[in-house]
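The structure under discussion appears below in the form of structure tokens.
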Amino acid sequence: MVKRLILILGDQLSPDMSCLSDGPEASDVVVMAEVTDEGTYVPHHPQKITLILSAMRKFADRLRDAGWEVAYTPLDDPDNAGSICGELLRRAEEFETDQVVLTEPGEWRLIDALNNLPLHVEMRQDTRFLASHADFERWAEGRKSLRMEYFYREMRRKTGLLMDGDDPCGGQWNFDQDNRKPARGDLFKLGPCRFEPDDTVRAVMDLVADRFDGHFGTVDGFAYATDRDQALEVLDHFIKNALPCFGDYQDAMLADDPVLYHALISPYLNIGLLGWREVCAAAETAYREGNAPLNAVEGFIRQIIGWREYIRGIYFLKGREYTAQNTLNHTRDLPAVYWGGDTDMACMRAAVGQTRDLAYAHHIQRLMVTGNFALLAGIDPAQVHEWYLSVYIDAFEWVEAPNTLGMSQFADGGVVASKPYVSSGSYIDRMSDYCGDCAYKVGDKTGEKACPFNVLYWHFLNRHRDRFQGNGRMGMMYRTWDKMDAGKRDAIISDAETVLDRLDRGDPV
Ligand code: FAD
Ligand code: DLZ
Ligand code: SF4
């Protein structure tokens, strides 16, 4: 029988991948390749590359132990073709076959490239998700708006998670009104799990430091889990120590605590070291056994079977053109502050600084600090998208693009978000401890020291009035703006333009 090449990508590191379902007995060969192209098509953070290559090496060993033949190409192999497609062609020649089996990648770029190979490619569904493409299309069909909340309820019914018979536990689907407490500096925090690099990880760190020099961030301090056992430890640590407070402090931000009560499991879910089922089951058990309150557990499970699945559904439903959208016609270049350039804004310094150091920021930092600033300042969404895809440890296009372009930048015209996620500085002040240490004054609405979010917020609403004033959820903002005296409005617009001019000149803000 002709040998088939079974391609396993760096974010497909689970024995449950559909492309492995025929088992090692079929005498196929698994192809795994560390390639420069995947690390540079956007300049990925060195810790993200380290995570992926280390986890690939360890997963290849796991497959060999399970009886698979694995053809593994390290990054520094002199014969390395440098790209996934190049490696497949090389292996096809070596094993004298034109048969390839793979699981659908999480990015149109790679799906198209692989489908265009002069080989016979069988692309199977990615069954690691709760909702298949067909399930999501069925749900979306005929709906005027694709709101996550309704999709989520269907997923709760489908899985039976947090259900008492036909009803949601506690009589409500969503307990968000109990969540979102502001940050307190004296919160008891254990911090996330950290793993000392072993020999495999150290070798990869050296290689990455050498080959991807110049990317934002460094490998220094890399402490992520890189195999299944370590990822399970992270999950266990979260369920025991952080889940009980997850809901309450989900939106809080503290300068000296980058993770707070977040799980930090997205990298492992996204590369296959953890699965949604076991993660949600562990959270539900904590609730049923009285170890975590319902508002926390419901909020957490909603992120996974609600938001995560919904976001993926949107990416594949909307197709290749989704990432090119720019509904608000924003064209300004991404300012240097996103790459660690000088800034007087304490919140941006904190969010970008921890992103550089850890390749991680939690949801509200991504949405309401760096995302909010880019949207208010009118940054080209394609550049914002590339930034998020590059710098975060968990970023793969299927999950990053709808979050960035849809939820955060409103570039899709309101498919994901019913209104733009914008705020003035007062939201950041309420939810964080950033403003106390800032050169700007969050209480100042105009003037040299006025918080840039305060003036840019009104500038955004004013310049997009035609689009948003009819949005029921934004009417009050426009009424507030209209009631302001004309002199104050002029001063705000003029101060905002000073900030924007500084960004255009490349001066720090
Ligand atoms: P927790 O807050 O502990 O949440 C638990 C889990 O829920 C996460 O691990 C994640 O798997 C899931 N989840 C929560 N919110 C979302 C969401 N909006 N979309 C998908 N899954 C969600 N998430 C990514 O996994 N990859 C990305 O590239 C990514 N890019 C983002 C870009 C922007 C602009 C924004 C606003 C959000 C983005 N998110 C992304 C969603 C979210 O910020 C991260 O999933 C989360 O911060 C990961 O950290 P955590 O594991 O500590 O999450
Ligand atoms: C992100 C990434 C990186 C940095 N390197 C590799 C690699 O060397 N080999 C590989 O198979 N996959 C890598 N990946 C993950 C891919 O970019 C990812 O599979 C696609 O973007 C589709 O989600
Ligand atoms: Fe950020 Fe404004 Fe607060 Fe400074 S004052 S930390 S710029 S929100």
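The values are calculated or read from the model by the stated rules, or taken from the named source; none is laboratory data. If you're wondering where the values come from, they're calculated on a predicted model, not measured in any experiment. No Cβ is skipped: glycine too gets one built from the backbone with ideal geometry, and neighbour counts run over all protein chains shown.
Restricting attention to the stretch 360-391, report how many residues are of a type in the set (D, E, K, R) and touching a residue at least 60 places away in the same chain (Cβ under 8 Å).
1
Having 1 or more residues that are more than 13 Å from ligand 3 (Cβ to nearest atom) is the bar; report the helices (runs of 4 or more DSSP H) wholly within the stretch 392-479 that clear it.
397-401, 452-463, 465-468
State yes or no: is M431 within 21 Å of H330 (Cβ to Cβ) and of a type outside the set (V, I, T)? If you could, list the steps in order and put the result at the bottom.
Details: within 21 Å of H330 (Cβ to Cβ): no; of a type outside the set (V, I, T): yes.
In short, no.
Please determine, by comparing only the residues of the stretch 335-350 that are within 11 Å of ligand 3 (Cβ to nearest atom) and either of a type in the set (S, T, Y) or free of Cβ contacts under 8 Å to residues at least 24 places away in the same chain (or both), which one is farthest from V499 (Cα to Cα).
Within the stretch 335-350, the match that is farthest from V499 (Cα to Cα) is R349.
For the stretch 179-278, please list each of the helices (runs of 4 or more DSSP H) lying entirely inside it that holds at least 2 residues being within 15 Å of ligand 2 (Cβ to nearest atom).
199-211, 266-271
So, in the stretch 415-438, how many residues would count as being small (G, A, S) and within 16 Å of ligand 1 (Cβ to nearest atom)?
Residues in the stretch 415-438 being small (G, A, S) and within 16 Å of ligand 1 (Cβ to nearest atom): 4 in total.
Residue under question is D126, and the condition is that it be touching a helix residue (DSSP H, G or I) at 6+ places or on another chain (Cβ under 9 Å), surrounded by 17 or more Cβ atoms within 10 Å (Cβ to Cβ), among the acidic types (D, E) and within 19 Å of L5 (Cβ to Cβ); does it hold?
Yes; evaluated as a whole, the condition is true for this residue.
List every residue pair whose Cβ atoms sit under 6 Å apart, with the two residues 6 or more apart in sequence or on different chains, where the first one lies in the stretch 41-68 and is within 21 Å of F212 (Cβ to Cβ) and the second, anywhere, is part of a helix (DSSP H, G or I) and hydroxyl-bearing (S, T, Y).
V42/S390; P43/S390; H44/S390; S54/T200; R57/T200
Within 13 Å of ligand 1 (Cβ to nearest atom), over 21 Å from the mean Cα position of the chain (by Cα) and at pLDDT 95 or above - does that describe any residue in the stretch 263-278?
No, the stretch 263-278 contains no residue that is within 13 Å of ligand 1 (Cβ to nearest atom), over 21 Å from the mean Cα position of the chain (by Cα) and at pLDDT 95 or above.
Kindly indicate whether any position in the stretch 92-104 is outside the structural domain of V399 (by TED's automatic domain parsing), under 22 Å from the mean Cα position of the chain (by Cα) and closer than 18 Å to D394 by Cβ.
Here is the first cut: in the stretch 92-104, the ones outside the structural domain of V399 (by TED's automatic domain parsing) are 92-104.
From what's left, under 22 Å from the mean Cα position of the chain (by Cα): 103-104.
Pick out the ones that are also closer than 18 Å to D394 by Cβ and you get none.
There is no residue in the stretch 92-104 that is outside the structural domain of V399 (by TED's automatic domain parsing), under 22 Å from the mean Cα position of the chain (by Cα) and closer than 18 Å to D394 by Cβ.
Can you pull out every residue in the stretch 111-133 that is of a type in the set (A, V, I, L, M, F, W, C) and either out of contact with any strand residue (DSSP E or B) (no Cβ under 9 Å at 6 or more places or on another chain) or under 27 Å from W307 (Cβ atoms) (or both)?
Listed by number, the residues that qualify are I111, A113, M123, F129, L130, A131.
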